[in-house]
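Asks: Quick one: structure below, then a few questions.
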Amino acid sequence: KIEFVPMRTEVYSEESRIPLIRATDNPSEDAKRRDLTINSLYYNLDTKKVEDYTGGFDDLKSKILKTPISPIETLTEDPLRALRVIRFVSKMPDFKLDDSLLSALSMKEVHDAYRKKVSPERAKTEIEKIIKGERPSDSLRLLLQSGLYLPVFSSERLDSFKPITMDQNTRHHKLNLLNHTILVIENLDRIMRENGFSDRERYLAVLAALFHDFGKMDPSIEKPSKKDPSQSSYHGHENVSAELAEEILKRLGFGVDRNIVKSIVESHMIPHSFIDLNNKSMGNFIRKFESLPIDDEIKESLWKLVFVHSIADTMGKGKIDEKELEEIEQKKKSISKIEEFLKQREKVGKKPILNGNQIMKLFPTKDPKSGYIANMQKSLLEAQDDGTVTNEEQAKEYLIKLFN
């Protein structure tokens, strides 16, 4: 991709990231407005030489991401550059941030400038590119660790929560919330790349992993553990996390993807306690996702994304002892069991064998407004799941016997 633009200088106000542009014939002045030195190299068509006005060659050799001028000045003039810098860490995983740039990402001046100058939806494209890059975990660590996630996500509710660096204070986790979240993302990203998931599936799963434990930062969620009051419990944190994810992603301009992310986040605790994996429980679990108004590719794999997330979650506790290894193995077996269940279900179909009209004819005296049809179809699906019902005749006999 080649773009042709005139060289220019830019003057920024304190209120906007949209600059006043002035033309220039001086490439050195043009170079200063760039986000990084490695993006500030010029090819002179007359001399057929590359010209370097900011030290970009040395930074390329040293694999350093550095701003042409003071990082505070670069990032406060156009604070969206802070997200672009973080994105480059994912795009070019061998490169490291210059210390002064790393420090600037955490500066209050940069965060305040972001809130003032950048509209929330401008972050959407950058976040997508971060997650689709080579090392999303490294970039997302910078986003969280610097505190930049607060102005980027622009949530008053999140602003009142504990910081992402909070100690989880539970025997189940050795890591603080930040390090746990990043380890889950790192494991999930690796597992999905190794097991042939599509780029879209990986993107949505990693996006969900970013938000999956945000609810733990809500002070009202943390309670003393019943088993050990000196430790903390976070019952219901997945629901708060799901609400936050939906709220934030909607503000950032995400469409149907935010419903998928919300579903993964609010379901991510289910596989941890999914012990009785019978046909009825598997059928109800799968239908939870099949009823969502989303594209078929993700609808069919959403249950598996939840289980893979759960495996990465277990691996992200900061310790992998015999208990954790057993838990991971059990979840892998559950995935295989559900896959086998789905193959068997295909023989009968995923919809109730009897439709609403057939059920009304079977029970002509019942009032359809009572909701009995939906209840009967739910019972019918469960019977189809366990093989009790495989055809119309059996379905009719089953309902008559069950509801008369």
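The values are calculated or read from the model by the stated rules, or taken from the named source; none is laboratory data. Just so it is clear, the model here is predicted, and its values are computed rather than measured. Positions of Cβ are backbone-derived with ideal geometry, glycine not excepted, and every protein chain shown enters the neighbour counts. Heavy atoms of the whole protein, side chains included, go into the accessibility calculation; ligands, DNA and RNA do not. Shrake-Rupley method; radii C 1.70, N 1.55, O 1.52, S 1.80 Å.
Asks: May I ask for the longest run of the chain untouched by GluC sites (Glu not before Pro) that are loop-located per DSSP and have at most 14 neighbouring C-beta atoms (other than their own) within 10 Å?
Replies: Within the chain, the longest run free of exposed GluC sites (Glu not before Pro) spans 135-345.
Asks: Let me ask you something else. Tell me the label-point distance for the pair K96, D367, using the 7 Å Cα-to-Cβ offset, in nm and rounded to one decimal.
Replies: Spacing of the two 7 Å Cα→Cβ label points: 7.4 nm.
Asks: Additional query: Pulled fully out, how much extra length does the chain show between T9 and K299, if you take 0.36 nm times their separation in residues and subtract their Cα-Cα distance?
Replies: Details: separation 290, 0.36 × 290 = 104.40 nm, distance 4.91 nm.
Answer, rounded to one decimal: 99.5 nm.
Asks: Let me ask something else about it. Run the simple label-point estimate for E393 and N39 please: 7 Å along Cα→C-beta, distance reported in nm.
Replies: Reported label-point gap for E393 and N39 is 7.1 nm.
Asks: Per residue, how big is the convex hull around the C-alpha atoms of the stretch 192-236? Give it to me in cubic angstrom, could you? Mind showing how you got there, number by number?
Replies: On the way: hull volume 4.6 nm³, N = 45.
Per residue, the Cα convex hull of the stretch 192-236 comes to 102 Å³.
Asks: Now for a different question. Mind checking the per residue accessible area of the stretch 303-384 for me, 1.4 Å probe, whole number of Å²? Intermediate values should be presented prior to the final figure.
Replies: Numbers: 4490 Å² over 82 residues.
For the stretch 303-384, the per-residue accessible area is 55 Å².
Asks: Another one. Report the Stokes-Einstein translational diffusion coefficient (µm² s⁻¹, integer) for the stretch 244-400, Rh taken as the Kirkwood radius over Cα pairs, at 10 °C with viscosity 1.306 mPa s.
Replies: Numbers: Rh = 17.8 Å.
Estimated via Stokes-Einstein, D reaches 89 µm²/s.
Asks: While we're here: Can you list, bin by bin at 10 Å, the percent of alpha carbon pairs in the stretch 113-196, starting at 0?
Replies: Over the stretch 113-196, the share of Cα pairs per 10 Å bin runs 16, 41, 33, 10, 0 percent.
Asks: Something else now. So how much slack lies between E340 and R287, counting 0.36 nm per residue of separation and subtracting their Cα-Cα distance, in nm?
Replies: Working: separation 53, 0.36 × 53 = 19.08 nm, distance 1.57 nm.
Gain on extension, E340 to R287, equals 17.5 nm.
Asks: Loop only per DSSP, at most 13 neighbouring Cβ atoms within 10 Å: give me the trypsin sites (Lys or Arg not before Pro) in the stretch 219-307, ordered by residue number.
Replies: K226, K227
Asks: How large is the Kirkwood hydrodynamic radius of the chain, counting all unique pairs of alpha carbons, in Å?
Replies: Values: mean 1/r = 0.0409 Å⁻¹.
24.4 Å is the Kirkwood radius here.
Asks: Would you mind calculating the gained length between S273 and K333 on full extension (0.36 nm times residue separation, minus the Cα-Cα distance), in nm to one decimal? Walk me through the numbers on the way to the answer.
Replies: Values: separation 60, 0.36 × 60 = 21.60 nm, distance 1.40 nm.
Here the answer is 20.2 nm.
Asks: What fraction, in whole percent, of alpha-carbon pairs in the stretch 307-404 exceed 21 Å separation? Display every interim value, and only then the final one.
Replies: Details: 2438 of 4753 pairs.
The calculated P(r) of the stretch 307-404 puts 51 percent of pairs beyond 21 Å.
Asks: Remind me, relative contact order of the chain in percent, using alpha carbon pairs under 8 angstrom and six or more residues apart?
Replies: Working: 522 pairs, mean separation 41.1, N = 404.
With pairs under 8 Å counted, the relative contact order is 10 percent.
Asks: Then there's this: Extent of the stretch 14-168 along each principal axis, from alpha carbon coordinates, in Å, largest to smallest?
Replies: 59, 35, 25
Asks: If one computes the Cα centroid of the stretch 54-75 and of the stretch 359-404, what distance in Å separates the two points?
Replies: Here the answer is 69 Å between Cα centres.
Asks: Also, quick follow-up: Restricting to lysines 8 or more places apart or on different chains, can you count the pairs in the stretch 250-328 with Cα atoms under 14 Å from each other?
Replies: Numbers: K250/K262; K262/K288; K262/K299; K280/K288; K288/K299; K288/K304.
For the stretch 250-328, the number of qualifying lysine pairs is 6.
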